[in-house]
Amino acid sequence: YFLDKSDKYDSRDVERLQQDDKWVENYLIWRHDVVDDTLKMIDESFQWRKEYTVNDLSESVLPKWLFEIGALFLHGYDKEGYKLFWFKVKHHTRDPKQQLDKKKLVAFWLEHYAKRDHGKPLTVVFDMAETGISHIDLDFVRFIVNCFTDYYPNFLTKIVIFEMPWIMNAAFKIVKGWLGPDAISMLKFTNKNDVQEYISGEYLPPHMGGTDSFKYSYPPLVDDDFQTPLCENGPITSEDEHESKEEIDADTKETGELNEAQNLNQKKMNSIEQISKSEETDKTEVKPKNAKKALTTFKGPLLHISPAEELFFGSKETGEKKCLIVLTNVTKNVVAFKVRTTAPEKYRVKPSNSSCEPGTSLDIIVSLHGGFAASLQDRFLIMAAEMDQSSGAGAPELTQFWKEVPRTKVMEHRLRCHVIESSKPSSLTLKDNAFNIPAKTNEDLHIQLTHLLQINKRLEEQMNRCLWFQQLSVVLSLLSVTVAAFCFYLAYAQRS
């Protein structure tokens, strides 16, 4: 293929194919390890990627209005933890002149997510509420389907179709014809009563029976991990003044624990840095196989952030509900920062919007509200930007500063959550005995019940198939016996 069509491929894709085993593996999985079919898919995919200039797609090369209408975006997760790719059909209108740009928007989102999450599969949601015949665009739907069946291997988990109007039944029979048997099994037709079998209410808008108040808006383009409402958690100063005496006492006690934890962490950090320096000076020394990687601190241009990647929370059994983030200003100016989360209803961040003086460190306490549990899908975003010496650091000045600061001057760093089931986390995790959490909440029981119902449904389907085969076998056996008896009868009649 390469010798005959090298001019039809982007050299960056060819280079990636030679280096990225996971990418090749996904093509093979999607084509059931049939090498010839896999090669054909790679050929078609690469030609399409060059035709649509997928590697060069960005906000600047696409019309701004495409992002503003909000017909396509990434937001939230399904019950299996897969990212949701939303297609709001009511915002889409057929227009041949705009079709190519709209297709490139689909490719932009898919490529944007694939690069960020290294090809982790997506769940597509066709929200067909308030749609009619004017919104039917089979060519565009076919393109979206082809993206998953032909261009992005092993990238689709399911297609959830919400409230498809009866008038579109005929159209979707055509769509099914484009899909293979594997993809057809991924179609899930839902309504308000059963959509939560696949997506929990926290990521569903009210018109779908959920509680998600998220509303897509542009600009700026919200990062795909943070299209849940970007909220600055934690109370403002006036709210702090009204806290109860018990909360204040608890915070005082926690501060001592935090300082102790921070001191321990700083000692660990110093020892790790010394070890890394000695390793650099003595390159001939062989590292032990079981040596731990020094990934406890992210060293950004404005702030050093510890921990670097994950916040460790305990499960309901361990009861650990607080974590510590340490920010260190490495500049010569005051650095303003914000902390945002994808689950603002769960977490309280103190402080969430403040500033850090040059050369100093600042502790941020992240705590879970009572009754909530940390989830692997929860994310935190730390934003930081340098302030002028003349600027104040009060709440009004910070509010005005964030309105005016250019996005190009903002440092961003993301942290994900990690739930520890039994063992104790690192020194950056704090115990919290302030809450008396029941072993099982109604939410847990609901999730378990839903899971059992899904298993039961699959078992019923398997049983129905078995019964169908059994009935078919009985019918075939009876037919065989009847034919055999008839043959014996004819033979006997001829002899007579």
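Scan region 120-141 for residues that are open to solvent by 20 Å² or more (accessible area, probe 1.4 Å) and under 22 Å from Asn55 (Cα atoms) and the total you get is 2.
Is it the case, given these coordinates, that Leu428 is under 30 Å from Val334 (Cβ atoms), open to solvent by less than 60 Å² (accessible area, probe 1.4 Å) and modelled with pLDDT of 70 or more? No, not satisfied.
For region 122-137, filtered to residues that are under 28 Å from the mean Cα position of the chain (by Cα), assigned to a loop (DSSP other than H, G, I, E, B) and among the aliphatic types (A, V, I, L, M), the residue that is nearest to Trp109 (Cα to Cα) is Met128. Taking region 1-46 as the region of interest, how many residues are within 28 Å of the chain's Cα centre (by Cα), of a type in the set (S, T, N, Q) and open to solvent by 50 Å² or more (accessible area, probe 1.4 Å)? Looking only at that region, the number is 2.
Annotation: Met387 fulfils all but one of (1) open to solvent by 30 Å² or more (accessible area, probe 1.4 Å); (2) closer than 17 Å to Leu302 by Cα; the unmet one is (1).
In the set (1) at negative phi; (2) open to solvent by 40 Å² or more (accessible area, probe 1.4 Å), the condition left unmet by Gly359 is number (1).
Residue by residue, here is whether (1) touching a Pro at 6+ places or on another chain (Cβ under 8 Å); (2) farther than 20 Å from Asp378 by Cα; (3) not aliphatic (A, V, I, L, M) holds:
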{"residue": "Ala71", "(1), (2), (3)": "no, yes, no"}
{"residue": "His75", "(1), (2), (3)": "no, no, yes"}
{"residue": "Val125", "(1), (2), (3)": "no, yes, no"}
{"residue": "Phe148", "(1), (2), (3)": "no, yes, yes"}
{"residue": "Phe155", "(1), (2), (3)": "yes, yes, yes"}
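The condition of being modelled with pLDDT under 90, touching a strand residue (DSSP E or B) at 6+ places or on another chain (Cβ under 8 Å) and surrounded by fewer than 16 Cβ atoms within 10 Å (Cβ to Cβ) holds for only one of Asp182, Asp117, Asp150, that being Asp117. If Arg94 meets every condition in (1) open to solvent by less than 30 Å² (accessible area, probe 1.4 Å); (2) touching an Asp or Glu at 6+ places or on another chain (Cβ under 6 Å); (3) not in a helix (DSSP H, G or I) apart from one, which number is that one? Unmet for Arg94, out of (1) open to solvent by less than 30 Å² (accessible area, probe 1.4 Å); (2) touching an Asp or Glu at 6+ places or on another chain (Cβ under 6 Å); (3) not in a helix (DSSP H, G or I): (1). With respect to (1) modelled with pLDDT under 80; (2) open to solvent by less than 70 Å² (accessible area, probe 1.4 Å), the lone exception for Asn442 is condition (2).
The values are calculated or read from the model by the stated rules, or taken from the named source; none is laboratory data. Everything numeric in this text was worked out from a predicted model, so none of it was measured. Positions of Cβ are backbone-derived with ideal geometry, glycine not excepted, and every protein chain shown enters the neighbour counts. Accessible surface areas use protein heavy atoms only, side chains included; no ligands, DNA or RNA. Shrake-Rupley method; radii C 1.70, N 1.55, O 1.52, S 1.80 Å.
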